[in-house]
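These notes concern the structure reproduced below.
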Amino acid sequence: MTQLRPFKQVDVFTSTPCNGNPLAVIMDASGLSDAQMQAIASWTNLSETTFVLPPTDNAADYRVRIFTKDLELPFAGHPTLGTAHALLEAGHTLKQPGQIVQQCPLGLVTVKIGANGALAFAAPEAILTVFNDAPISSALNSGQLEEQLPVMIADMGIRWLLVPMRSAEAVLAVKPDAVEFTRLVQKARVGGVMMFAPLQGASEQYEVRALLIEQGALTEDPVTGSANACLARYFQARGVELDYQVHQGTAIGRAGRLSVGYASDGIWIGGQTVTVIDGTLQA
């Protein structure tokens, strides 16, 4: 039996609609089966769709399940901020002022509410492993890898391969070979590849891109919270804990902006969020 459910589509890591990474949020997923959630996520045709449920942990404000068009994720960054935004906008009662706590398969994730309306999630811990046994240059069609820094796999429940490049221009110039890229992702057993390099002459310090295989096709994620959280852990592991800003989405016409802040209570990945669609979904 279908019913009308509150629904929002939120643009994440931007304050201007249609410049960030869109997220579908089903505000009340009570009664939906796993198969129904997956079908809805496939239908929205977005990188992720979230389903809000009552928490089973008393410390959490809500519980969320995160689905791509293909599968369920234990955690993801832009769905975390987008779901928090949707609930806050809807007037969700908070257990503690100034923050909202998400329960997901990875555990509890705190989202701080900034005075300017920006949201920031606490980066989960990550397991970092050096990776150097695959033809990364041929997969990316680039000879511009920064060989002074290691390529690493970061496992944060979702796994990313972090690839340092020599310049922001090199990052933007990457045109991956789909066949070799697929082999690389399979070899590293990662969900995607994030390339990064210092950005000169801008208020942001890094240009990044995130590439992945989705439904059998090579695609680019507009703005990626989890990969940026992994990158923040990468820098921390190298002894660098300086706050910085990130550009993402440039190569596909988006203007995603992220902030990374190191503090005594964790690493915080933040940005602005804006609702683009507000209504109901029949499901």
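Numbers for the structure displayed
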quantity	calculated
Lys, Arg +1 and Asp, Glu -1 on Cβ, resulting dipole of the chain about Cα centre, debye, nearest 20	160
Centroid-to-centroid separation of region 65-106 and region 205-245 [C-alpha atoms, Å]	19
The chain: most fluctuating residue of Pro135, Pro164, Pro22 per GNM, C-alpha cutoff 10 Å	Pro135
Relative contact order for the chain, counting Cα pairs under 8 Å that sit 6 or more residues apart, in percent	23
Computed [θ] at 222 nm, deg cm²/dmol, the chain (DSSP H ≥ 4; -39,500 (n - 2.57); rounded to nearest 500)	-6000 deg cm²/dmol
Residues Lys8, Lys187, Lys95, Lys112 arranged by fewest to most Cβ contacts within 10 Å	Lys95, Lys187, Lys112, Lys8
Sorted peptide list for 251-258, 55-62, 230-237, criterion being average Cβ within 10 angstrom, highest first	230-237, 251-258, 55-62
Degrees separating the helix 225-237 axis from the principal Cα axis of the chain, which is the longest one	50
Per-pair calculated FRET efficiency, R0 = 25 Å: Ala202 and Gln144 via Cβ, rounded to 0.05	0.85
Dipole axis of region 52-135 (+1 Lys, Arg; -1 Asp, Glu on Cβ), positive-most option in Pro55, Phe75, Leu94	Leu94
Within a Gaussian network of the chain (alpha carbon springs, distance under 10 Å), most fluctuating of Gly249, Gly239, Gly192	Gly239
Ranking of Thr182, Thr49, Thr93, Thr14 by count of other Cβ atoms within 10 Å, fewest first	Thr93, Thr182, Thr14, Thr49
Among Ser226, Ser264, Ser33: highest mean-square fluctuation, GNM of the chain, C-alpha pairs under 10 Å	Ser264
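Read the figures in this text as sums done on the coordinates, not as results from a lab. Nothing here was measured: the structure is a model prediction, and the numbers come from that model. Please note: Cβ atoms are built from the backbone with ideal geometry, for glycine as well, and neighbour counts cover all protein chains shown.
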